[in-house]
Amino acid sequence: METMNNTIQAVGSEPAAFVLSPLKSTDVWQMVRILKRIDIMRAVKSIDPKLLEALDYKKPTMMQDGEEVPLPEAQWTKAQKKAHEKAQEATDQLLWAVLEILMENIGACEDDVNKMLATGIGKDLVFIRSMSANDYIDLIAQFVTREEFADFFMHAVKLLKKMGSSRSSIASAVTLVK
């Protein structure tokens, strides 16, 4: 199997990390298809509502030369640090809930997930289908927990919250972005 050409050797007992290409606009529709096939509102409902409120967090900014720029973390107040930690916690819990739901429903979206993973690591479907079970699960976990996916998913969740539970289609939410 060809995994070593496509991985970065991790330290200690950590699994090898796959080199994922940055997400592009063309990846959005594949992610929409995947999230549409799983019960996205179940992921949202499985998280404490107070944690979901923390998703509305925005990093502190300041004005510099007439432009809004991020405030260096060293200058954050205790309240800003706490809000950031709560947002990180909410993001982590939500993404792990999505990973769990994805794994429970892999049969409904396996082909789309495999295509997304293959594209993400620059390999073909044969490579993905021939991976060991542990490498496959590690790759899915790495993909779902990366910051770019978190950003995409947080935008989708916020749109769904604005739309209400009566229109729970992720595709409808993404259509609003256009």
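Just to be sure before I move on: is Asp111 acidic (Asp, Glu), without any contact (Cβ under 8 Å) to a residue 40 or more places away in the chain and closer than 21 Å to Val32 by Cα in the structure I sent?
For Asp111, the condition - acidic (Asp, Glu), without any contact (Cβ under 8 Å) to a residue 40 or more places away in the chain and closer than 21 Å to Val32 by Cα - is met.
Listed here are the residues, each with its yes/no results for (1) surrounded by 16 or more Cβ atoms within 10 Å (Cβ to Cβ); (2) at pLDDT 80 or above; (3) within 21 Å of Gln142 (Cα to Cα).
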| position | (1), (2), (3) |
| --- | --- |
| Met1 | no, no, yes |
| Thr7 | yes, no, yes |
| Lys36 | yes, no, yes |
| Lys59 | no, yes, no |
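For segment 73-89, does any single residue satisfy the condition of being free of Cβ contacts under 8 Å to residues at least 40 places away in the same chain and not in a helix (DSSP H, G or I)?
Checked against the condition, which is being free of Cβ contacts under 8 Å to residues at least 40 places away in the same chain and not in a helix (DSSP H, G or I), segment 73-89 yields at least one hit.
Would you tally the residues in segment 111-150 being modelled with pLDDT under 90, buried (at least 16 other Cβ atoms within 10 Å of the Cβ), of a type in the set (A, V, I, L, M) and farther than 14 Å from Met31 by Cβ?
Of the residues in segment 111-150, 1 are modelled with pLDDT under 90, buried (at least 16 other Cβ atoms within 10 Å of the Cβ), of a type in the set (A, V, I, L, M) and farther than 14 Å from Met31 by Cβ.
The values are calculated or read from the model by the stated rules, or taken from the named source; none is laboratory data. Just so it is clear, the structure is predicted and the values come from calculations on it, not from any experiment. Every residue, glycine among them, receives a Cβ derived from its backbone with ideal geometry; neighbour counts consider all protein chains shown.
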